[in-house]
Each structure stands twice: as C-alpha cells, then as structure tokens.
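Notes to accompany the following structure.
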Amino acid sequence: MGSFGLSANNITHGTSFSADLEPKSFSDESKAVIDFIADYYKNIEKYPVQSKVEPGYLSARLPDTAPHSPESLDDILKDVTDCILPGLTHWQSPNFFGYFQANASTAGFLGEMLCSGFNVVGFNWLASPVATELESIVMDWMGKMLKLPSSFLFSGTGGGVLHGSTCESLVCTLAAARDKALEKLGGGFDNITKLVVYASDQTHFALQKSAKLIGIPPANFRPLPALTRTSFSTEFSLSPDTVRAAIEDDIKSGHVPLYLCATVGTTGAGAVDPIEELGKIANEYKLWLHIDAAYAGSACICPEYRRYLNGVELADSISLNPHKWFLTNMDCCCLWVKHPSFLVDSLSTESDIMRNRSPASNTSTNAAPVIDYKDWQIPLSRRFKALKLWTVIRKHGYSGLMYHIRSDVSMAKRFEAMVAKDERFEIVVPRKFALVCFRLKPKRESEGSELNRELVDALNGSGRAFLTQAMLDGVYVIRCSIGTTLTQDRHVDDLWKLIQEKADRLLSLQEPEHASR
C-alpha cells in the first residue's frame, strides 16, 4: 500500500481523485455490485444457512488498520467473498426458518437504491418536500389496505410515520403517553415513578427496553402472564381479566396505569391478543393502548386475517414492520397515531435553522400546513424510506402482496400437516399465520427440553436449515417461521425430511439408554 501521492497543496478545486459519482464509473461499479448480489442469490442454497465461524474470526482475516490508499472494487468484492460471506447467517436463504423473516424483494432493492441514490435528509418539509409528502401518502395507502379507521389517517384526523424499528415506535408512543400523564399529574420525577406499563410476557422484550429509556422504573413494568397453565387452551393470548386485575392492584397501591401493549403475532407462539376487549379496558382506565403488529400486521391486508385487528378503533397507536413480511428490505416500520400532536408535543425541537416554512407561506395565507417528521421520531435525520415502500407497493400491487402472504401461509399449513401426521411429533400451538410451533415428543416429559434442544442443534449444525426455539409455559418448542422470499414448497418438504432424519438418529441413540432402565 502506497501513499496517495497528492498533498493538500496540490489538490485543486474540482479534483476528483476517486471519481466518486462520476456517471460512467458509478454505473459500471454499481452494475458490478448488482451482478455480485445476483450471483449470491443464484448460489445462496450452496451456503450453510447458519454461519460456522467462531467469535473473533474476522480479526484474523482483516488488517488491524485502515488502508492508506484507495483499493479497487474487485479487491473489495474478493474480500466480501472470502471474509464477509463466511460470517453471514443467510437470512434470505430459502432454508431460513428462524426468528421471524426479514424478507427482501427486487422491488425493495430498487426502492433502496433510489433512496440511497438521492440520499436526502428529509427531517422537515423544506429539506425535501417530496420526502415528507410521499411518506404521508404511503402511510395512508398502507392504512387503507389494513382498513384502519380514518382516525389513524392523514385523510382523517390522525397520521402515520415511518420509523426504523418497533423499538423506536414504542419509545415515541411511550414518551407521548408519559408526557400527557405527567401534564395531568403536575410533572415531577416523583410522578414518573408512579407510572406503570403493561404487556404480555411473550412480547415484553422491546417494550421493557423502551420503557426503561423513557424513565419508567423497571419495577413498574408488568409482563403479564400469557404463559400460564391454561395458556394452551387460550393459545397464549393476554387475558383481559389478568390485565384488569393488574390495573386494579396498581391503582390500590398508588400507582398510575399508563400504557398497555397488545400484540398481533407474538414472537414465541404467533399469538393474538384480544384487541377489542383490551381496548375497552384501556379506555375505561384511561391507558394509552398500543397495538404491536410487527410480524402479523402485514397479513391483515388479507380479508381473512383482518378480524385480528377488530377493536383497533379503541387504540391510540398501532405499528407493523413491512421489513418482516411485506417484501420491503430492512429497515421499515409503520406507526400510526390517533393524535399526532401528542407525538409532536413530546418530541419536537425548536431551532431557527430547522424552520419549516414553504416558499408559498411567505406570499400566501392559504398555504397548506406541512409536517415536521423530525418531531415524530427520536433522531433529527431521516432517510427517504417512503420511496422504498412506495416502490414495493407499486411493483407488487395490493393483489400481489396478498398473494405473497397467502403463499407463505399455505406452505406453513403444508408443514403443519406433515408434522401432525407423524405421531412422534406434536403441534404445540395451533397455527394462525406462517409460524408453526412443534416438538418431538419425549418418552418422559422431563426429557423434553433436552431432546428438542438436541434436535435444533442437529438441524442447524447440518447447514441445510436454520430454526429457532421458544419456551412456552415451560415447554421447549421448535419454531418454524416460513416467509423468506425464495422459499418454495420443495424447501418445506426438504426441511421435513431433514427433521425426520435427525429425529430418527436422536431416537435411535436413546433406545439403548431406555432399554437399560
């Protein structure tokens, strides 16, 4: 590696040493990267789904200092192949069935390229008018596909914003709820320590972190038991009676119930909380009700799943992640609120440099009010995410998006049926969407966790599939989440053959042990 050969004294205005954004090189190198990614997808099934590297592997492969001189794209892509790809767990593999999917699409890539290409920082209307206006239009498009009430739409009395993640949406709505509550209580740190947040013990992870960030004491977070001895009959949804009892207990002890999070599609079991019943309780006790539909909300564009949002009119906010099941590449989270002013009051900033006056406002008294999206989120800066979501919706259309979701659900039904036919296995929770929770039946219940943990390790260790697990009321279950864009029926069939193969081996190894007893 040599030096640049240029000093600050001999670089003149207009020098473009690396030819950044020069149209010809930009086009050529971009095409090279696209071809590289296309080849990756063409060969993606050749890679072990779960990375096989050990912690710290990359330090042994890369220099410990940055390069002094420019390096070629060919060299960079070679290192991506040799150093980066081995460290990937391949989320876009058709054999990825873990966690919840983060599916990508050609349309998502195209929208992401447009977003990155324009590279605007649309913190307010003036900074890039179209970034703000397209976002408000796309959020209403999404809301109408979900048949949200007009109280959540810009065309009604509410509105929506694109965030990066569910955590951000939770922090923002919690902050708005907190500030409204403190306004009534007269402010003060002592009153913050009275505020209480409620959620199912299946969905509390992100919410607990968010509550901590806005100052709610950890002791005031209530992860309510959906995972109880009766959970298998109620399919792990949050019981309204449990919520009411917890609220009453807190009121009696001098606390102030603040915020209730209901979930459509919990992480562990894909459970759906009873929105309407919980909404009535939240309204009765004046709690902010947020609906976390991060995973399954996208499915609710299909008429057959819309019932899971019944009662949404009673909520104060609702969020879902198009980057999970809506073919929109990371990151993209939709948040709708009934009262946008509550977010703005809590999150707004005042600065002369951030003034948001349109040119027309200087000469016309009829200029439409504009949105300051920086006041609907935590950071000031923001990407043009709406362009990506807009591209996805237009390229696929409402019908194409419904087809995508129904296709994944159909494959999940196919897998569920295969599991149910094998008497060695059991479906632990009835499937609602495209998540199947199952386990290999143990000879003794005390052996169930270890047996199924070994099965998951064997499946993932094979490199031919990747699945994750959950504990449901003390029962170790294997989660098969179907929804990666490239997954087809043959991949589901191959997964089941792999599961049977590994189960046969595990059970055969156990036979001598059981015989000796």
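Extending 7 Å from the Cα toward the beta-carbon at both Ile137 and Glu183 defines two label points whose distance is 3.2 nm. Only DSSP H runs of four or more residues enter the estimate; each adds -39500 (n - 2.57), and after division by the residues of the chain the mean residue ellipticity at 222 nm equals -13000 deg cm²/dmol. Multiplying the residue separation of Ala60 and Lys497 by 0.36 nm and subtracting their alpha-carbon distance yields 153.6 nm.
The length gained by stretching the chain between Thr468 and Phe118 to full extension, at 0.36 nm per residue less their Cα-Cα distance, is 122.2 nm. Taking packing as the residue-averaged number of other Cβ atoms within 10 angstrom, the listed peptides 332-345, 71-84 run from highest to lowest as 332-345, 71-84.
At a probe radius of 1.4 angstrom, the accessible area of the range 359-509 per residue rounds to 45 square angstrom.
Judged by the ratio a/c of the largest to the smallest principal axis of the C-alpha gyration tensor, the range 83-222 counts as oblate, that ratio being 1.5 or greater while a/b is no larger than b/c. Of the heavy-atom accessible surface of the chain (probe 1.4 angstrom), what whole percent is carbon and sulfur? Solvent-exposed carbon and sulfur of the chain make up 55 percent of the total. Computed from the C-beta positions of Ala245 and Asp20, the FRET efficiency with R₀ = 56 Å rounds to 0.35.
Applying 0.36 nm per residue to the separation of Ser341 and Ile84 and subtracting their alpha-carbon distance, the gain on full extension is 88.0 nm.
Cα gyration tensor of the range 38-118, axes a ≥ b ≥ c as square roots of the eigenvalues: rounded (a/c below 1.5), prolate (a/b > b/c) or oblate? Note, shape of the range 38-118 comes out oblate. Of the residues Leu435, Thr468, Gln488, the one whose Cα sits farthest toward the positive end of the charge dipole of the range 427-490, with +1 on the Cβ of Lys and Arg and -1 on the Cβ of Asp and Glu, is Gln488. If both residues of a DSSP beta bridge must be in the chain, then about 55% of such bridges are antiparallel. Need one word for the chain: rounded, prolate or oblate. Basis is the Cα gyration tensor (sqrt eigenvalues a ≥ b ≥ c); a/c below 1.5 gives rounded, then a/b vs b/c decides. Verdict is oblate for the chain.
Protection proxy ranking of 252-264, 400-412, by the mean of other Cβ atoms within 10 Å over each peptide's residues and highest first, is 252-264, 400-412. Taking all protein chains together, Arg479, Arg490, Arg424 sort by accessible area into Arg490, Arg424, Arg479, largest first [probe 1.4 Å].
Beyond 23 Å in Cα-Cα separation lie the following of the pairs Lys147/Lys184; Lys212/Lys432; Lys31/Lys395; Lys42/Lys78: Lys147/Lys184; Lys212/Lys432.
Distance between the pseudo-spin-label points of Lys421 and Lys144 (7 Å out from Cα toward the beta carbon): 4.4 nm. If you plug the beta carbon distance of Lys212 and Lys52 into 1/(1 + (r/R0)^6) with R0 = 22 Å, you get a FRET efficiency near 0.05. Protein heavy-atom accessible surface, 1.4 Å probe, per residue over the range 17-91: 73 Å².
The values are calculated or read from the model by the stated rules, or taken from the named source; none is laboratory data. It should be emphasised that the depicted structure is a prediction, and the values quoted were computed from it without experimental measurement. Quick reminder, even Gly has a Cβ in these numbers, built from the backbone with ideal geometry, and neighbours come from all protein chains shown. Quick note on the areas: whole protein, heavy atoms, side chains included, nothing else; ligands and nucleic acids left out. Shrake-Rupley method; radii C 1.70, N 1.55, O 1.52, S 1.80 Å.
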